[in-house]
Every structure is written in C-alpha cells, then in structure tokens.
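Only one structure is covered here, and it is reproduced in the block below.
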Amino acid sequence: MKTRFTYLGDMLFWILVAALTAAIAVILLYPLLRGAKAAENIRAGEAAVYRDQLRELDRDLDGGLITPEEADYARAEIGRRLIAVSAD
C-alpha cells in the first residue's frame with residue numbers, strides 16, 4: 001500500500017521529467033527555427049564582401065597596382081560570385 005507521500009513523489013518525478021523534456025526540445029529546435037533567417041544574413045554578408053572587393057579593385061586599378069586586363073578578369077570573377085550569392 002502506497003502512502004500519500006509516495007504518490008506526490010511519483011507525480012513530482014514525472015513533472016520534472018516533462019519539464020526537462022520540454023526544455024531540451026526547445027534547446028534542440030531553436031537553431032532549426034532560426035536557420036532560414038541566419039542563412040539570409042550570411043548571404044547578405046557575403047554580398048557586402050563582394051561589393052567591397054569591387055570597390056577595392058577599382059582603387060587598385062586607379063593606384064596602378066594592377067593592369068586593366070587583371071582588373072577585368074577579377075571584376076568578372078567577383079561579379080560571378082556576387083550573382084551566385086544573390087541568386088540563392
């Protein structure tokens with residue numbers, strides 16, 4: 001025969017198990033729920049880097065550090081990467 005204390009102890013145990021399960025589920029699901037937003041921020045950051053590279057390329061060309069042919073090749077490559085990031 002179980003006493004009232006044993007029933008309360010059993011109930012407390014299952015309440016704690018349920019609370020811990022819910023907390024772990026939230027912790028594990030949180031990155032999945034914000035994954036799309038994080039990927040969007042990463043793409044925006046990559047696009048900003050490529051735009052900065054284009055500006056730096058123009059400065060290098062104006063400063064005579066690279067030839068116009070090298071600048072055209074680099075501009076085309078940076079442009080392809082920028083388009084690839086923007087298309088996703």
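The values are calculated or read from the model by the stated rules, or taken from the named source; none is laboratory data. Please read all numbers here as calculations on a predicted model, not as lab measurements. Cβ: placed from backbone, ideal geometry, glycine included. Neighbour counts: every protein chain shown. Side chains are part of the model used for accessible areas, which takes the heavy atoms of the whole protein and leaves out ligands, DNA and RNA. Shrake-Rupley method; radii C 1.70, N 1.55, O 1.52, S 1.80 Å.
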query = Given charges of +1 on the Cβ of Lys and Arg and -1 on the Cβ of Asp and Glu, with all other atoms neutral, how large is the dipole of the chain about its Cα centre, in debye to the nearest 20?
reply = 1000 debye
note = Heavy-atom accessible area of the chain with neighbours in place, 1.4 angstrom probe: carbon+sulfur share in percent works out to 66 percent
ask   = When the chain is fully extended, how far beyond the present Cα-Cα distance does ALA47 get from LEU28, taking 0.36 nm per residue of separation?
value = 3.9 nm
Within-14-Å neighbourhood charge of GLU69 [Cβ basis; K, R +1; D, E -1] = -3
key: Residue among ALA18, ALA47, ALA74 with the largest mean-square fluctuation in a Gaussian network model of the chain, springs linking Cα atoms under 10 Å   = ALA18
ask   = Is the shape of the chain rounded, prolate or oblate, going by the alpha carbon gyration tensor and its root eigenvalues a ≥ b ≥ c, with a/c under 1.5 for rounded and a/b larger than b/c for prolate?
value = prolate
ask   = How much area per residue is accessible in the chain when the probe is 1.4 Å and only protein heavy atoms are counted (Å²)?
value = 84 Å²
